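Notes for the one structure printed next.
The values are calculated or read from the model by the stated rules, or taken from the named source; none is laboratory data. None of the values given here were measured: they were computed from a predicted structure. Keep in mind that these areas ignore ligands, DNA and RNA; they rest on the heavy atoms of the full protein, side chains included. Shrake-Rupley method; radii C 1.70, N 1.55, O 1.52, S 1.80 Å.
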Amino acid sequence: QVRLVESGGGLVQPGGSQRLSCAASGSIVSIKGMGWYRQAPGKQREMVAIISNGGSTTYPSSVKGRFTISRDNAKNTVYLQMNNLKPEDTAVYYCYAVGTLGSYWGQGTQVTVSS
């Protein structure tokens, strides 16, 4: 089993920045990739960023150039740096991990972009 705990959400003004963190614990060696998803009210959950064990990253066009995913293997932590935030980025952000034992989700952290 893998446990994921997110932190760093909150209220931010449009154009601002915020960094989310996701600390993984448990069967860390089984993890093959990690990422961030988000879900806004009334919308489907969507992928925001993915990073593989090799460090390759993937972003959708909606956040590319504004969001950056990174990982600190020594701390078993994945980060999502979000810049130039827009009101449409408002959502609950979930950390995600996939590995040989299955897939896992964090509890989610709310990010609200509003003036």
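Below, the figures for the structure above:
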{"item": "Rounded to the nearest 10 Å², the accessible area of Lys32 at probe 1.4 Å", "result": "110 Å²"}
{"item": "Probe 1.4 Å, protein heavy atoms only - accessible area per residue of the chain in square angstrom", "result": "52 Å²"}
{"item": "Solvent accessible area, Å² - Trp105, 1.4 Å probe, full protein context", "result": "110 Å²"}
{"item": "Relative contact order, percent, region 72-115 [alpha-carbon distance under 8 Å, six or more residues apart]", "result": "37 percent"}
{"item": "Glu46, Glu88, reordered so the largest accessible area comes first (probe 1.4 Å)", "result": "Glu88, Glu46"}
{"item": "Accessible heavy-atom area order of Met47, Met82, highest first, probe of 1.4 Å", "result": "Met47, Met82"}
{"item": "The chain: relative contact order in percent, alpha carbon pairs under 8 Å with at least 6 residues between", "result": "37 percent"}
{"item": "Cα centroid separation - region 37-110 against region 1-23, whole Å", "result": "9 Å"}
{"item": "Heavy atoms of Thr109: accessible area, 1.4 Å probe, square angstrom to 10", "result": "20 Å²"}
{"item": "In order through region 102-115: 3J(HN,Hα) via Karplus (6.51 cos²θ - 1.76 cosθ + 1.60), integer Hz, x for Gly, Pro", "result": "x, 10, 9, 10, x, 7, x, 9, 7, 10, 10, 10, 7, 8"}
{"item": "Calculated from backbone phi, Karplus (6.51, -1.76, 1.60) coupling profile of region 58-74 in Hz, x at Gly/Pro", "result": "9, 9, x, 4, 5, 10, 4, x, 10, 10, 9, 9, 8, 9, 10, 5, 5"}
{"item": "Portion, in percent, of the accessible area of the chain that falls on carbon or sulfur, probe 1.4 Å", "result": "48 percent"}
